[in-house]
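Trainee: This is the structure, below, for whatever I ask next.
The values are calculated or read from the model by the stated rules, or taken from the named source; none is laboratory data. Since the structure is predicted, the reported quantities are computational estimates derived from the model, not experimental observations. Don't worry about glycine lacking a Cβ; one is built from the backbone with ideal geometry, like all the others, and counts go over all protein chains shown. Please note that ligands, DNA and RNA were not included when accessible areas were found on the heavy atoms of the full protein model with its side chains. Shrake-Rupley method; radii C 1.70, N 1.55, O 1.52, S 1.80 Å.
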Amino acid sequence: MTDRFDPAVADRRWQQRWEEAQSFRADSNSPKPKSYVLEMFPYPSGRIHMGHVRNYTMGDVLARFRRMQGFEVLHPMGWDAFGMPAENAAMEKKVHPGAWTRENIATMRRQLQRIGFALDWSRELATCEPDYYGHEQALFLDLMEAGLVTRKESEVNWDPVDMTVLANEQVIDGRGWRSGAVVERKKLSQWFLKITDFAEELLDGLGSLDNWPDKVRLMQENWIGKSQGLQFCFRLATSMPGGTCDIEVFTTRPDTIFGASFVAISPGHPIAEELAAGRPEVAEFIARARAGGTSAAEIETAEKLGFDTGLEVVHPFDDNWRLPVWIANFVLMDYGTGALYGVPGHDIRDYEFARKYRLPVLRVVADTTAGASAPVTEADTAPGVAVNSRFLDGMPTSDATAEVIRRAETAGWGTGKTQYRLRDWGVSRQRYWGTPIPVIHCDSCGPVGVPRDQLPVVLPDDVSFDIPGNPLDRHPTWSKVDCPSCGGPARRETDTLDTFVDSSWYFIRFASQPGNQPFDRAEAEKWLPVGQYIGGVEHAILHLLYARFWTRALERMGKLSVKEPFEGLFTQGMVTHETYESADGRWLNPDEIEIREGGVLVERATGANVRRGRVEKMSKSKKNTVDPEPILDRYGADAVRWFMLSDSPPERDLEWSEGGIEGAARFVQRVWRLAQSPTGNEGEDKALARKVHRTVAAVGEAIEGLQFNKSVAALYELTSAIERAQPSASRDEAIRTLLLLVAPGAPHLAEEAWASRSEDGMIADAGWPSFDPAMLIDDEVTIAVQVNGKLRDTLVAPRGTSREDAEALALALPKIQAQLGGNDPRKVIVVPDRLVNIVA
RNA sequence: GCGGACGUGGCGGAAUGGUAGACGCUGGAGACUUAAAAUCUUCUGCCCAUUGGGCGUGCGGGUUCAAGUCCCGCCGUCCGCACCA
């Protein structure tokens with residue numbers, strides 16, 4: 001063995017050994033307890049980036065740790081392989097999306113394998129292959145049969161650049177999440193999954209997810225957006241009394257019903273559209289109302305626009321009370337009923353609208369009944385007691401709310417209702433590179449599911465991308481099929497599924513992948529739910545909500561007895577790097593920078609000064625990426641892995657730095673040198689043995705809590721302690737334990753060192769060391785001595801020293817004597833084995 | 001606007017209400033070397049100083065023998081949502 005650890009040789013050697021031994025193959029029939037560790041599978045964009053490396057290293061440490069603890073571990077990897085970039089590549093580079101994707105997968109698989117992840121490659125899957133998406137089509141048919149798929153003509157978010165529909169979740173500040181283009185509204189017939197059927201369950205289930213970040217649970221809760229209130233109908237003044245429902249509204253504040261001064265409907269409301277048909281000025285107003293953008297800034301400053309239709313409705317509690325009907329730009333068509341009644345006194349938005357259009361502002365809630373006549377100078381949204389509200393007067397807000405609902409229900413003009421912000425999930429995409437929706441449209445039979453014996457519906461290969469839009473639409477033959485129901489001529493659905501459908505069940509397919517069905521229930525249930533799921537917080541809503549929905553849908557259909565797919569969730573921080581900007585405003589890659597004497601940055605090519613920019617997430621646009629591959633060449637897998645675990649807490653951002661990777665590489669060599677020290681020593685080193693036990697406890701606890709930075713710090717401490725210790729049997733044992741503790745993070749080093757010390761077998765198969773709780777405590781303790789809470793001295797005493805003795809020892813200290821200046825202490829607090837505080 | 005998180009040395013960060021700054025990075029000094037790299041030793045919160053002392057966890061209050069940690073009020077940074085009736 002050499003005096004330096006050589007990753008160029010060792011990495012490959014051990015990766016091969018693990019492969020030969022099938023060390024990380026997950027056996028579904030193993031009698032051992034199961035542990036399912038999963039990282040969010042990557043989109044095969046081309047090459048692995050540092051974010052992937054960090055994500056997968058964390059999961060790998062946990063997977064290896066669990067394995068050493070005696071679990072049968074499932075730690076799989078696959079590819080979220082459908083999506084727009086492949087089609088963009090097809091258009092730009094004239095390559096087929098499939099060829100482009102599969103080539104990327106090959107590259108990225110090879111890159112991942114270089115890092116030595118303990119993955120079960122036998123379960124690898126790619127969502128773009130028929131043996132995956134065919135099963136997805138079967139599941140879609142199951143959902144159709146269960147009534148969880150609907151087809152609706154609806155106004156959709158249309159991305160004019162990608163030429164496709166976007167889900168609400170994919171519209172960010174009014175722009176497409178991928179293209180960045182301003183999203184347009186368009187009416188189309190679309191397939192929807194009825195996620196709203198599960199709104200209550202999905203909300204409820206969050207309560208059971210104790211091992212999820214609060215932040216993510218809260219985001220999902222807000223996204224589902226439950227609110228309770230009253231839904232009821234207004235009758236137009238021109239309609240006949242009795243049961244006519246002209247304008248339906250929803251309110252969470254029925255208690256303010258006597259404060260209503262107008263009714264507002266959305267520009268997209270049927271009544272508005274009807275009026276527009278006959279009156280140009282209405283049509284003109286609607287066009288103007290819709291023109292406003294939906295970006296954050298635009299909404300902030302957006303003027304409230306209203307148009308008085310001249311129509312009037314009748315107040316439900318008073319036949320003689322008329323309210324004007326306005327069309328208003330702030331009323332959303334797709335929330336509630338697309339109409340509301342305005343209570344300017346107690347709603348900020350209504351107040352603004354009423355002041356602008358000089359509508360009455362009434363007070364119907366006050367702190368006490370005495371405040372009934374207090375003028376309203378701004379919308380008062382706080383609860384209180386009802387005033388100026390007839391039979392409600394004097395009731396607290398909550399009672400008044402209940403009373404109005406009760407009366408509405410008794411009289412039959414309204415009902416208490418729970419409203420959700422969550423909408424059904426539109427899954428149709430006008431794209432080629434996605435899972436074909438297994439439906440055939442027949443003029444006489446309507447949409448019919450593709451018979452299961454005709455699955456998978458495979459994407460045709462002969463497509464062209466020279467013009468925008470969906471190539472499936474213009475394929476000469478693919479869509480022409482016979483109706484499975486009547487045999488007549490019919491047309492295959494040419495929309496494909498949103499790629500989030502692909503990622504909504506891949507974790508189930510990883511657990512069980514039979515050829516003839518999506519998964520084997522019994523086998524899947526052995527592994528599920530995923531014990532620990534790790535990924536970026538950017539999926540806090542979209543992917544995680546869809547996957548939860550999909551799992552619950554399977555559960556409701558009786559196909560799986562798992563309600564929540566991910567028991568534990570961890571959202572890791574990003575990998576960041578400084579940015580560099582040249583004098584003329586170009587972003588420069590770290591490779592193009594040279595550090596001169598005195599820390600001055602210059603551009604390598606020109607020698608010109610470079611401005612140091614903010615530390616930001618690695619991105620191509622800021623050119624601050626560091627490609628993992630050259631780093632692996634230079635430092636080896638373990639140094640890179642170790643750096644990913646060091647310093648920053650995993651949930652926070654990690655700044656890539658040269659110093660950091662150097663430090664990690666240095667540690668790898670330090671451990672190697674220790675492992676090369678002679679064995680067979682005799683004698684006990686109790687202090688070192690204690691340190692070992694404490695470190696075993698600390699590292700285990702840290703990994704368990706995914707606090708890798710702390711486990712790294714504890715291992716640095718142990719390493720230093722061993723380096724300082726004299727040779728002894730305890731020291732030999734300490735080195736052996738150190739290797740075991742380092743193994744999940746730096747597996748190649750650990751294996752190589754393990755072998756060099758002639759240990760049996762591979763360290764990958766070794767057991768995690770245990771510790772003796774009795775060894776965690778020292779015989780001697782350092783006791784802090786404070787005067788008035790300020791530290792003045794310390795003393796060393798045997799552990800278990802009595803309160804009296806500790807107090808006496810403390811008072812005898814010269815520094816304490818000096819502090820007291822001859823006076824008696826007023827009070828002495830003793831915390832045994834920790835501290836003495838003298839109150840002077 | 002609503003909701004949430006965070007604020008500790010030059011930097012990343014540690015700290016069951018009980019010795020603030022573990023561990024790492026950076027930097028200084030020294031050893032080894034013809035030299036360099038590597039490695040090792042040692043120092044490194046700030047201020048005054050000879051022993052020693054004072055000040056320190058965004059700011060202002062409070063609770064406590066004791067507060068980075070708990071409570072109240074500010075300030076700042078970051079994240080999520082977006083006219084949600």
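Trainee: Mind giving me the FRET efficiency for A:Arg799 and A:Glu717? R0 is 30 Å, r the Cβ-Cβ distance, nearest 0.05 is fine.
Mentor: The pair A:Arg799/A:Glu717 has a calculated efficiency of 0.90.
Trainee: Could you work out the Rg to Rh ratio of segment A:29-100, with Rh taken as the Kirkwood radius (inverse of the mean 1/r over all Cα pairs)?
Mentor: Working: Rg = 16.8 Å, Rh = 14.4 Å.
Across segment A:29-100, the Cα-based Rg/Rh ratio is 1.17.
Trainee: Is there a pair in A:Lys93/A:Lys620; A:Lys94/A:Lys187; A:Lys152/A:Lys480; A:Lys94/A:Lys623 whose C-alpha atoms are over 29 Å apart, and which pairs would that be? Could the numbers behind the result be given before it?
Mentor: Numbers: A:Lys93/A:Lys620 19 Å; A:Lys94/A:Lys187 32 Å; A:Lys152/A:Lys480 23 Å; A:Lys94/A:Lys623 26 Å.
Long pairs (Cα-Cα over 29 Å): A:Lys94/A:Lys187.
Trainee: Right, here's the next one. Leaving out ligands, DNA and RNA, what percent of the accessible area of segment A:82-147 is carbon and sulfur, probe 1.4 Å?
Mentor: Carbon and sulfur together cover 51 percent of it.
Trainee: For A:Ala687 and A:Glu523 in the same chain, what is the full-extension length gain: residue separation times 0.36 nm, less their Cα-Cα distance, in nm?
Mentor: Taking A:Ala687 through A:Glu523 to full extension adds about 54.2 nm, to one decimal.
Trainee: In addition: Within a Cβ distance under 14 Å of A:Arg407, other residues only, what is the Lys/Arg minus Asp/Glu net charge?
Mentor: -3
Trainee: What distance in nm separates the two pseudo spin-label positions at A:Ala106 and A:Ser758, each 7 Å out from Cα along the beta-carbon direction?
Mentor: If labels sit at A:Ala106 and A:Ser758, their model points lie 4.6 nm apart.
Trainee: Sticking with this structure for a sec: Could you work out how much longer the chain between A:Leu791 and A:Asn222 gets when fully extended? Use 0.36 nm per residue separation minus the Cα distance between them, nm to one decimal. Don't skip to the end; give the middle numbers.
Mentor: Numbers: separation 569, 0.36 × 569 = 204.84 nm, distance 4.77 nm.
Here the segment from A:Leu791 to A:Asn222 would lengthen by 200.1 nm.
Trainee: Further, regarding this structure: Can you tell me the convex hull volume per residue for segment A:343-430, based on C-alpha atoms, in Å³ to the nearest whole number?
Mentor: Normalising the Cα hull of segment A:343-430 by residue number yields 166 Å³.
Trainee: Can you tell me the convex hull volume per residue for segment A:544-624, based on C-alpha atoms, in Å³ to the nearest whole number?
Mentor: On the way: hull volume 10.2 nm³, N = 81.
It comes to 126 Å³ per residue, whole-number rounded.
Trainee: Of A:Lys32/A:Lys526; A:Lys526/A:Lys563; A:Lys215/A:Lys559; A:Lys194/A:Lys215; A:Lys194/A:Lys226, which sit over 23 Å apart, Cα to Cα?
Mentor: A:Lys215/A:Lys559; A:Lys194/A:Lys215
Trainee: Now for a separate question. In Å and on Cα atoms, what radius of gyration and Dmax does segment A:620-757 show?
Mentor: Rg, Dmax (Cα atoms, Å): 16.0, 60.
Trainee: Could you compute the net charge surrounding A:Pro489? Neighbours are other residues with a C-beta less than 12 Å from the C-beta of A:Pro489; K and R count +1, D and E count -1.
Mentor: Numbers: positive: A:Lys480, A:Arg491, A:Arg492; negative: A:Asp443, A:Asp482.
So the environment of A:Pro489 carries a net charge of +1.
Trainee: Looking at the P(r) of segment A:1-120, how many percent of alpha-carbon pairs lie beyond 21 Å? Provide the component values of the computation, followed by the final result.
Mentor: Values: 3528 of 7140 pairs.
Percentage above 21 Å: 49.
Trainee: Normalised by the empirical 2.2 N^0.38 Å for globular proteins, what value does the Cα Rg of segment A:74-217 take?
Mentor: Compactness ratio reported: 1.30.
Trainee: What distance in nm separates the two pseudo spin-label positions at A:Ala283 and A:Met557, each 7 Å out from Cα along the beta-carbon direction?
Mentor: 4.5
Trainee: Once ligands and nucleic acids are excluded and a 1.4 Å probe is used, how much of A:Lys480 is accessible, expressed in Å² to the nearest 10?
Mentor: 150
Trainee: Dividing the Cα convex hull volume of segment A:183-301 by residue count, how many Å³ per residue is that?
Mentor: Hull volume normalised by residue count: 226 Å³.
Trainee: Binning at 10 Å from 0, report for segment A:683-800 what percent of all alpha-carbon pair distances ends up in each bin.
Mentor: Calculated over all Cα pairs of segment A:683-800, the distribution is 13, 37, 32, 12, 5, 1 percent.
Trainee: Another question about this same structure. Seen from all sides and averaged, what is the projected area of the convex hull of the Cα atoms in chain A, in nm²? Don't skip to the end; give the middle numbers.
Mentor: Numbers: hull surface 201.7 nm².
The orientation-averaged projected area of the Cα hull of chain A comes to 50.4 nm².
Trainee: Under 12 Å from the Cβ of A:Asp732, count the other residues' Cβ atoms, weight Lys and Arg +1, Asp and Glu -1, and hand me the total.
Mentor: Summing Lys and Arg as +1 and Asp and Glu as -1 gives -2.
Trainee: Follow-up question, since we're still on this one. Would you work out the relative contact order for chain A, in percent, from Cα pairs under 8 angstrom that are 6 or more residues apart?
Mentor: Relative contact order comes out at 13 percent.
Trainee: Students sometimes get this wrong: rank A:Thr737, A:Thr679 by accessible area, probe 1.4 Å, all chains present, largest first.
Mentor: Working: A:Thr737 10, A:Thr679 85 Å².
Ranked from most to least accessible, the order is A:Thr679, A:Thr737.
Trainee: Suppose R0 equals 56 Å. What FRET efficiency, 1/(1 + (r/R0)^6) with r the Cβ-Cβ distance, do A:Arg670 and A:Arg612 give to the nearest 0.05?
Mentor: 0.95
Trainee: Now for a separate question. Using alpha-carbon pairs under 8 Å, 6+ residues apart, how would you state the relative contact order of segment A:150-230 in percent? Walk me through the numbers before you get to the answer.
Mentor: Details: 82 pairs, mean separation 22.7, N = 81.
This gives 28 percent for segment A:150-230.
Trainee: So for the pair A:Met775, A:Arg322, with labels modelled 7 Å out along Cα→Cβ, what separation do we get in nm?
Mentor: Placing both labels 7 Å along Cα→Cβ, they lie 9.0 nm apart.
Trainee: Separate question: So what's the back-of-envelope 222 nm ellipticity for chain A, counting only DSSP H runs of four-plus at -39500 (n - 2.57) apiece and dividing by all residues, rounded to 500?
Mentor: Calculated at 222 nm, the ellipticity per residue is -10500 deg cm²/dmol.
Trainee: For segment A:395-458, what is Rg from Cα atoms divided by 2.2 N^0.38 Å, rounded to two decimals?
Mentor: After normalising by residue count via 2.2 N^0.38 Å, the value is 2.20.
Trainee: Another question, then. Project the alpha carbons of segment A:412-564 onto their principal axes and report the range along each, largest first, in whole Å.
Mentor: 54, 47, 35
Trainee: List the relative contact order of segment A:45-192 as a percent without decimals, with contacts defined as Cα pairs under 8 Å and 6+ residues apart.
Mentor: Values: 156 pairs, mean separation 30.6, N = 148.
Value for segment A:45-192: 21 percent.
Trainee: Which of the three applies to segment A:703-763, rounded, prolate or oblate, going by the alpha-carbon gyration tensor with a ≥ b ≥ c and a/c under 1.5 meaning rounded?
Mentor: oblate
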